[in-house]
Amino acid sequence: MAEYYRLINFSARQKKRHGTLSACIRKSESESAVKEIREADWKVLRKLRPILLYRYCQKVLREINRIGAEENKSDHDRYLAVYQEVQKHDREIGLLFNNPRRLSALMQLMAINDRDLFTEEELSLFSTDIHEMLNRFSSGRII
């Protein structure tokens, strides 16, 4: 459980709001929620992957440009800040987009949604089961 929170960079406040992941999963299983992504939802996610990756990279590049433009810091300090930002996002991009498999798709969907990478139109392409699961585990974004 701690590994899940570490991977998706949950804050302590978010952990408290979500409760324990295992309790949420037990509740989901008892409510017969999604356990494995359906074929139709998997196809939608696969189709959206390049768009989501592009959107994520644009977000990261904007942040790097902002850091690089901070004139109140030395060149070396800006370089170090950019380097740290790239390392942070390198791990995150791996979590979000590496090894696309149906077994890891639900966790990736939750993490992608938590970073607000989906548009409302894209979210509407998924089944109601996915919407319910994302609402249950989201960090405040209502779908």
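The values are calculated or read from the model by the stated rules, or taken from the named source; none is laboratory data. Everything numeric here is computed off the predicted structure, so don't read it as measured data. We place every Cβ from the backbone using ideal geometry, glycine too, and count neighbours over all the protein chains shown.
Taking the range 49-143 and the helices (runs of 4 or more DSSP H) fully enclosed by it, the elements with 1 or more residues that are in contact with a Ser or Thr (Cβ under 7 Å, 6 or more places away or on another chain) and of a type in the set (D, E) are at 102-114.
Yes/no per residue for (1) at pLDDT 95 or above; (2) touching a helix residue (DSSP H, G or I) at 6+ places or on another chain (Cβ under 6 Å); (3) closer than 24 Å to D129 by Cβ:
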{"site": "E3", "(1), (2), (3)": "no, no, no"}
{"site": "R38", "(1), (2), (3)": "no, no, yes"}
{"site": "Y54", "(1), (2), (3)": "yes, no, no"}
{"site": "L95", "(1), (2), (3)": "no, yes, yes"}
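Of all residue pairs spaced 6 or more apart or on separate chains, those with beta-carbon atoms under 7 Å, a first member in the range 106-133 that is at negative phi and without any contact (Cβ under 8 Å) to a residue 40 or more places away in the chain and a second member that is surrounded by fewer than 21 Cβ atoms within 10 Å (Cβ to Cβ) and of a type in the set (A, V, I, L, M) are L123/I143; H131/I143.
Among the candidates L123, L52, L106, L80, the residue that is surrounded by 13 or more Cβ atoms within 10 Å (Cβ to Cβ), among the aliphatic types (A, V, I, L, M) and either more than 16 Å from D41 (Cα to Cα) or in contact with a strand residue (DSSP E or B) (Cβ under 9 Å, 6 or more places away or on another chain) (or both) is uniquely L80.
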